[in-house]
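A short write-up of the structure that comes next.
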Amino acid sequence: MQDLLDKRIVLGLSGGIACYKAADLVRRLIERGAQVDVVMTEAATRFITPVTMQALSGRPVFVDAWDNRVHNNMAHIQLSRGADAILIAPASADFMAKLVQGRADDLLSTLCLARACPLLVAPAMNREMWLAAPTQRNVAQLTQDGIEIFGPGSGEQACGETGDGRMLEPLQIVAELKRFFQPKLLAGLRVLLTAGPTVEPIDPVRVLSNRSSGKTGYALAEAAWEAGASVTLISGPTSLPCPFGVTRLNVDTAQQMRDVVMSHLSGQDIFIAVAAVADWRIQNISSEKIKKDGTSTPELNFVANPDILAEVAAQQTGPWCVGFAAETENLSEFAHAKRLRKGIPMLIGNLAQHVMDADHTTVTIFDDQGEHVLPKETKQEVARQLIHAIAERFKQSKPSR
Ligand code: CTP
């Protein structure tokens, strides 16, 4: 997925054991289409060699401020010009202190001081170093200076201790970087989503479910986080990993999904119902596994499940609601009717046969202005466009925001 296509990233490594993760980070950035120029401190070269970083990035690696491979000996200027961001990963406690003081005694620190692009920092250190008062003061100062801090993560450390200070994993840094480049259309807002299928038990070993993969809902949750929202995702069973930055709550049945949604509704600004909720559940669930008797087939009695979206939309002071409709025919007619029936301002419709388990999708937005078709794209790109459309309509509905 080329979602960092044409981005030019200067990746700076300062000295720390997390340098080993920087090798994988370069690969992850390149496979997403970024061009990566690696700059290392002398200390970083003790942990991983410039040769490794050069082989992975496919570009010359710089360490020395006096390197004359760059025109006019101006590596500290040339490397950052035209870059979309400088990312320091790992950033040691010492390197962050240097950034705070504006010191420029090697190529990487000089490059940071002379930059004309955003600076992003992924700290990596022992937990006591992270918690130390000078480090915390430096982090606060860097934030005040407009420098983005990615992480750190928490967990087991190379020194054998456990706590905060680990560098984020490469894919988590990639997620933060992608987020950094997205406009913050939902900054300060809280978004609640449902996604995936629900499963309704028949007996202790059998269930009724549907073919929803959850991909669209997960992509929307990720896009909402990238747009600056605080995101809670209530998900039926899927094989998807929880998007970084998103809080996921797992449920099985429609009733559980309804209960978890209702208990998390307070304070939410936007509710996006993407889940393929089972319309019915089985009333006569067997407490034992139903056995074949060779002649008859089991009789299942169905009872209607709660309509979660309609219930949320009916709340007096509830969030602004967005629904989804996967139809197999008559999309326009059914979607318009469904939007009005559920009492929601926006409904996103698609043809089920085009989207179930697919990575690409095409959708139509239905609102009080009519309908608007979005072009076929990856679910991630469609999700970003939908978040754009949702943010626009939400803000129109609440002009003070
Ligand atoms: N939805 C919901 N709770 C339900 C059923 C649906 O919250 N019990 C939500 C879905 O998440 C989706 C929208 O309502 O956002 C429409 O879902 P869909 O299954 O297409 O609509 P239904 O109301 O179930 O209508 P039908 O199955 O007859 O098409």
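Brief remarks on what is shown
- For the stretch 118-223, the square roots a ≥ b ≥ c of the C-alpha gyration tensor eigenvalues yield an a/c of 1.5 or more together with a/b not exceeding b/c, which makes the shape oblate.
- Take every Cα pair under 8 Å whose residues are at least 6 apart in sequence, average their separation, divide by the length of the chain, and the relative contact order is 10 percent.
- The stretch 180-254 - percent relative contact order, Cα under 8 Å, separation 6 or more: 37
- If you wrap the chain in the convex hull of its Cα atoms and look at it from every side, the mean projected area works out to 25.1 nm².
- Counting other Cβ atoms within 10 Å as a rough exposure proxy, the listed residues L374, L25 run L374, L25 from fewest neighbours to most.
- Set of lysines with alpha-carbon distance to K292 below 25 Å, sequence-local pairs under 8 removed: none
- Over 32 Å (Cα to Cα) - which of K98/K215; K7/K395; K98/K178; K338/K376; K98/K379 fall in this group: K98/K215; K98/K379
- Shape category assigned to the stretch 298-401 from the gyration tensor of Cα positions, a/c cut at 1.5: oblate
- When the trypsin sites (Lys or Arg not before Pro) in the stretch 161-209 are filtered for DSSP coil states and for at most 14 other beta-carbon atoms within 10 Å of their beta-carbon, the remaining sites are K184.
- Gain on full stretching of the segment that runs from F181 to M74 - 0.36 nm per residue minus C-alpha separation: 35.8 nm
Every number here is computed from the coordinates shown, using simple stated rules; none is lab data. Since we're looking at a predicted model, the values are computed, not measured. Every residue, glycine as well, gets a Cβ built from its backbone with ideal geometry; the counts of neighbours run over all protein chains shown.
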